[in-house]
Amino acid sequence: MSAGFEPIDNYEVAAFIAGGGTSQVLEVIEPGTHRHLAMKVINENHPDAKAHKAALKAEAAIAKQLDHPNVIHYEG
C-alpha cells in the first residue's frame, strides 16, 4: 500500500488528490480489476459530518444521472 493510508472497503489508497475541511478525494485502486478511481471521503471528525453525508448522498444521486464524456462517471 502506498501513500501511508489504510485500505478503504478493500480499495488500496494510491494517493491523496485534494482535501478540505469536510472531505478529501483519494486515488484508489479497485480490487480485482486494478482500475484507478477517485473516492471522496467525508471527514468524520468535522462537526457537521452528518449534514455533509446527506449532501454527499445528494451529490451521488445527481452524478448517477449524468452521462457525458467530459463528466466523471459515477461508479458507486
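The values are calculated or read from the model by the stated rules, or taken from the named source; none is laboratory data. Fair warning: this is a prediction, and the values are worked out from it, not measured in the lab. So basically every Cβ, Gly included, is an ideal-geometry build from the backbone, and we count neighbours across all protein chains shown. The protein model used for the area step is the full one, side chains on, heavy atoms only, and it has no ligands, DNA or RNA in it. Shrake-Rupley method; radii C 1.70, N 1.55, O 1.52, S 1.80 Å.
Tabulated data for the structure shown
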| quantity | calculated |
| --- | --- |
| Any chance LYS50 is in a helix (DSSP H, G or I), open to solvent by 60 Å² or more (accessible area, probe 1.4 Å) and of a type outside the set (A, V, I, L, M, F, W, C) | yes |
| Which listed residue, of GLY21, GLY76, is on the phi > 0 side of the Ramachandran plot and at pLDDT below 90 | GLY76 |
| All positions within the stretch 20-35 that are in contact (Cβ under 8 Å) with a residue 12 or more places away in the chain and either of a type in the set (S, T, N, Q) or within 21 Å of GLU59 (Cα to Cα) (or both) | GLY21, THR22, SER23, GLN24, VAL25, LEU26, GLU27, VAL28 |
| Test: residue in the stretch 26-42 that is modelled with pLDDT under 90 and more than 17 Å from GLY76 (Cα to Cα) | no |
| Residue check for GLU44: assigned to a loop (DSSP other than H, G, I, E, B) and open to solvent by 50 Å² or more (accessible area, probe 1.4 Å) | yes |
| Leading residue by the ranking (surrounded by the fewest Cβ atoms within 10 Å (Cβ to Cβ)) among those in the stretch 56-76 that are assigned to a loop (DSSP other than H, G, I, E, B) and of a type in the set (Asp, Glu) | ASP67 |
